[in-house]
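Peer 1: Please read through the structure below; I'll follow up with questions.
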Amino acid sequence: MRGCGGLCRAAWAVLAPRGRSTRCRPRLWAVPDLKTINVIFYNLSTTTDHGISYKELKDLLKSQTIHIDVREKWEIGKFGKIPGSINIPLGEVVEALWMNPEDFKEQYSQDMPAKSDHIIFSCMAGVRSKRALDIAMSLGFSRVQHYAGGFEEWRKCEPSEKN
């Protein structure tokens, strides 16, 4: 698998018939054409931009959007939070999104998001929120985005607001 950077491995894992090797070299039985490879890489990567801007976030917070801040509790206490957000630290996201609705409401004082609800994740600078977005998508949540600017950008754009 040297030299392929993992992408070739991922493509061959999809292309190779079951029971066959997924080693990084073409076989006569599974030589893909360029169109096939493009489709596979498009589906395997997160090429769709799920990041939103400050203005988009402000507009979405006026609607029925669930906003989850994945920073640690101490960060919320030290730096503040975006009004209306639910704090679920990144380490708890998987467990929280798998909880039954009653336990979720008890722990987070909010209704459990449905897989079809619009959810926006945020953190301090957009890295952890992107990870939370990937987790939610892997769990079947279909309408998820993340605020790429994070709380750092929010604080710059909302300097007079007590967060």
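Peer 1: Taking Pro113, is it modelled with pLDDT of 95 or more and farther than 24 Å from Glu158 by Cα? Walk me through it before giving the result.
Peer 2: Values: modelled with pLDDT of 95 or more: yes; farther than 24 Å from Glu158 by Cα: yes.
So Pro113 fits the description; yes.
Peer 1: Let me ask another. I need the full set of residues from the range 85-113 which are assigned to a loop (DSSP other than H, G, I, E, B) and either of a type in the set (Asp, Glu) or surrounded by fewer than 12 Cβ atoms within 10 Å (Cβ to Cβ) (or both), in order please. Break it down stepwise before answering.
Peer 2: Pass one, the range 85-113, residues assigned to a loop (DSSP other than H, G, I, E, B): 85, 88-89, 99-100, 109-113.
Matches in the range 85-113: Asn100, Ser109, Asp111.
Peer 1: Same structure, new question: Restricting attention to the range 100-109, does a residue exist that is within 20 Å of Phe141 (Cα to Cα) and among the hydrophobic types (A, V, I, L, M, F, W, C)?
Peer 2: Taking every residue of the range 100-109 in turn, at least one turns out to be within 20 Å of Phe141 (Cα to Cα) and among the hydrophobic types (A, V, I, L, M, F, W, C).
Peer 1: Give me a count of the residues in the range 114-130 that are open to solvent by 30 Å² or more (accessible area, probe 1.4 Å) and under 12 Å from Ile68 (Cβ atoms).
Peer 2: Going through the range 114-130, the residues open to solvent by 30 Å² or more (accessible area, probe 1.4 Å) turn out to be 114-117, 125, 127-128, 130.
From what is left, the residues that are under 12 Å from Ile68 (Cβ atoms) are 117, 128.
Result for the range 114-130: 2.
Peer 1: Working only within the range 59-84, note down all residues that are farther than 16 Å from Pro113 by Cβ, open to solvent by 50 Å² or more (accessible area, probe 1.4 Å) and of a type in the set (Gly, Ala, Ser). Steps first, please.
Peer 2: Here is the first cut: in the range 59-84, the ones farther than 16 Å from Pro113 by Cβ are 59, 62, 71-83.
Still in the running and open to solvent by 50 Å² or more (accessible area, probe 1.4 Å): 59, 62, 72-74, 77-79, 81, 83.
Gly77 - this is the single residue of the range 59-84 that is farther than 16 Å from Pro113 by Cβ, open to solvent by 50 Å² or more (accessible area, probe 1.4 Å) and of a type in the set (Gly, Ala, Ser).
Peer 1: Scan Ile119, Ile76 and give me the residue that is in a strand (DSSP E or B) and aliphatic (A, V, I, L, M). Lay out the reasoning, then the answer.
Peer 2: Numbers: Ile76 fails: in a strand (DSSP E or B).
Every option except Ile119 fails the conditions.
Peer 1: Look through the range 131-156, keep the residues that are over 17 Å from Thr65 (Cα atoms) and open to solvent by 50 Å² or more (accessible area, probe 1.4 Å), and return whichever of them is farthest from the chain's Cα centre (by Cα).
Peer 2: Lys156
The values are calculated or read from the model by the stated rules, or taken from the named source; none is laboratory data. Since the model is a prediction, treat every value here as computed from it, not as a measurement. Neighbour counts run over all protein chains shown; Cβ positions are idealised from the backbone, glycine included. For accessibility, only protein heavy atoms count, side chains too; no ligands or nucleic acids. Shrake-Rupley method; radii C 1.70, N 1.55, O 1.52, S 1.80 Å.
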